[in-house]
1. Name the residue, out of Leu332, Leu280, Leu284, that is within 19 Å of the chain's Cα centre (by Cα), of a type outside the set (Val, Ile, Thr), within 27 Å of Gln132 (Cα to Cα) and at pLDDT 95 or above.
2. Sort out which residues of the stretch 106-122 are touching a residue at least 12 places away in the same chain (Cβ under 8 Å), farther than 19 Å from Thr41 by Cα, of a type outside the set (Lys, Arg) and surrounded by fewer than 24 Cβ atoms within 10 Å (Cβ to Cβ), and write them in order of number.
3. Can you pull out every residue in the stretch 296-326 that is modelled with pLDDT of 95 or more and acidic (Asp, Glu)?
4. For Ala151, only one of the following conditions fails: (1) in contact with a Leu (Cβ under 9 Å, 6 or more places away or on another chain); (2) within 25 Å of Met249 (Cβ to Cβ). What is its number?
5. When the residues of the stretch 226-254 are narrowed to those that are part of a helix (DSSP H, G or I) and among the aliphatic types (A, V, I, L, M), which ends up surrounded by the fewest Cβ atoms within 10 Å (Cβ to Cβ)?
6. If you check Gly209, Gly176, Gly155, Gly165, which single one turns out to be within 30 Å of Ala331 (Cβ to Cβ) and exposed (fewer than 14 other Cβ atoms within 10 Å of the Cβ)?
7. Could you list all residues from the stretch 145-181 that are at pLDDT 80 or above, part of a loop (DSSP other than H, G, I, E, B) and either of a type in the set (Phe, Trp, Tyr) or under 21 Å from Leu256 (Cα atoms) (or both)?
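The values are calculated or read from the model by the stated rules, or taken from the named source; none is laboratory data. On a predicted model such as this, the values are computed, not experimentally measured, just so you know. Cβ placement follows ideal geometry from the backbone for every residue including glycine, while neighbour counts extend to all protein chains displayed.
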Amino acid sequence: MSALSEPLASTQERYTHHYTDLLQRVKDSGLLRRRYGYYWTKMSLTVAALAGLGVGFAFLGNSWFQLLLAGLVAVVFGQFAFLGHDAAHRQIFRTGRANEWAGLVHGTLFGGLSYGWWQGKHTRHHGNPNKQGKDPDIVSGAVAFTPYALAERRGLSAYLARRQGYFFVPLLLLEGVSLHFNSVRRTFARKPMKYRWWEVAFLAVRLGGYVTALFLVMSPGKAAVFLGVQLAAYGLYMGGAFTPNHTGMPIVPASLKIDFLRRQVLMSRNVTGGRVIHFLLGGLNYQIEHHLFPNMPRPNLRHARPMVREVCARNDIPYTEKRLFASYGIALRYLNDVGLGARDPFGCPLKAQLRAPR
């Protein structure tokens, strides 16, 4: 072992030990135990909310007042997506099979998203958050997350990317369409999928049945406007829930080796704001704790926060928390900096953390 790699290995081992101790404290505190009462209540109330909106939809009939419901429908569908997310992390039930079916029912049948597609993509993200070439959430698409992705663009794509911070919110209006499209496309791809035909059936019932109901109750024009407003609101809601988590936090090269504790803490951001924010963001406001303990039930994350903050403070690991709109401001400024040609995406605090003498 070289003189350079020796202290690095020692540092990695030290932080691994810190995480092991933290994990044991969390287990001893009972924070990894299932919260069946919470989740059964949450699932029942979400289904009841959807049923209530269905009654309201039938009552209003062919009316422009239906547009008042479109935003509420988007929020309820978003809540189903969060339940699917929790199930994919095995937060709800003890067994993997029970969680899979909870994810299929809530995420796919009610939420309209492919459980298999989401689980695979999200698992890769958790393993390497904000890591180039590893994290699917920062793959270059409509948005360029690094200057290197920007350098590959030409023509209109490059023009838009240089101003992407300004176009980001309008782009989120299309995120709902993108999520549903990618879900359908993945179910028909040739890649293995455990519950493929169940997902095909559930997506057909959810997407096909939903659109059919709109056009049966309303005139074609009103139905199309309702669908457009609902999808736009859903995309804005989903994008608004996930944007604060990692956008604007350090992005690291694929070759970088970093221990689990710092990998998850340094690349994640919590959002403060109390119970309303916790509800609207589906528990993702405790992003740091969620990344450190992905199978921890959602209501337990806030109880793990003081333990994590203590470990981070004791070991000089920056623990990032911002209010919601401050997080959006950081994310948009970061995207504009990339568009304007910023050259150092691997910035502090990560660089300081990795280079500081120990």
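1. So the residue among Leu332, Leu280, Leu284 that is within 19 Å of the chain's Cα centre (by Cα), of a type outside the set (Val, Ile, Thr), within 27 Å of Gln132 (Cα to Cα) and at pLDDT 95 or above is Leu284.
2. Matches in the stretch 106-122: Gly112, Trp117, Trp118, Gln119, His122.
3. Glu310, Glu321
4. Going through the list (1) in contact with a Leu (Cβ under 9 Å, 6 or more places away or on another chain); (2) within 25 Å of Met249 (Cβ to Cβ), Ala151 breaks only (1).
5. Only one residue tops the list, namely Leu227.
6. Exactly one residue qualifies, and that residue is Gly155.
7. Answer for the stretch 145-181, where residues must be at pLDDT 80 or above, part of a loop (DSSP other than H, G, I, E, B) and either of a type in the set (Phe, Trp, Tyr) or under 21 Å from Leu256 (Cα atoms) (or both): just Phe145.
Rundown of residues vs (1) in contact with a helix residue (DSSP H, G or I) (Cβ under 6 Å, 6 or more places away or on another chain); (2) surrounded by fewer than 19 Cβ atoms within 10 Å (Cβ to Cβ); (3) more than 20 Å from Phe181 (Cβ to Cβ), yes/no style:
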position	(1), (2), (3)
Leu216	no, yes, yes
Pro220	no, yes, yes
Ala224	no, yes, no
Val271	yes, no, yes
Gly274	no, yes, yes
Ile277	yes, yes, yes
